[in-house]
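Below you'll find the structure, written out as structure tokens, and then a few comments.
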Amino acid sequence: MINRLTLSLSLAALTLAAIPAQAWSPPSVGQTCAGTRGAGPRHVAVAGNYLGGRLVRDGIVDRKSFQACFQTVDRCELWLADKARQFPLQPGIATCTRVVLR
């Protein structure tokens, strides 16, 4: 009986070892300001960054960091205001930074 259990556990371990490992990747939280390397046309964009949190329960805080790319500062600031409503707890970072892309 013990030999069957040992054999079953060994086969299960070998089967699991043969399965390729898959890494968990977090969901996308924004769109980066994409550019290219080298020579090319330059354009200006606005990179938005927000870090905040919200109380989930009993002192547990859900902290999130978001990034996004915008064409105007006004759109970025509206986005920041929306994130601040969803994740109001400090410490927080809320910036709209002009960037030059190629």
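General remarks:
- Segment residue 43-residue 31, length gained on full extension (0.36 nm per residue, minus Cα span): 2.7 nm
- Rounded accessible area per residue of the range 27-85, 1.4 Å, Å²: 71 Å²
- Stretching the chain fully between residue 71 and residue 56 yields a gain of 2.1 nm (0.36 nm per residue, less the alpha carbon separation).
The values are calculated or read from the model by the stated rules, or taken from the named source; none is laboratory data. All figures in this text were calculated on a predicted structure; none of them were measured in a lab. We work out accessible area using only protein heavy atoms, side chains counted, and drop any ligands, DNA or RNA first. Shrake-Rupley method; radii C 1.70, N 1.55, O 1.52, S 1.80 Å.
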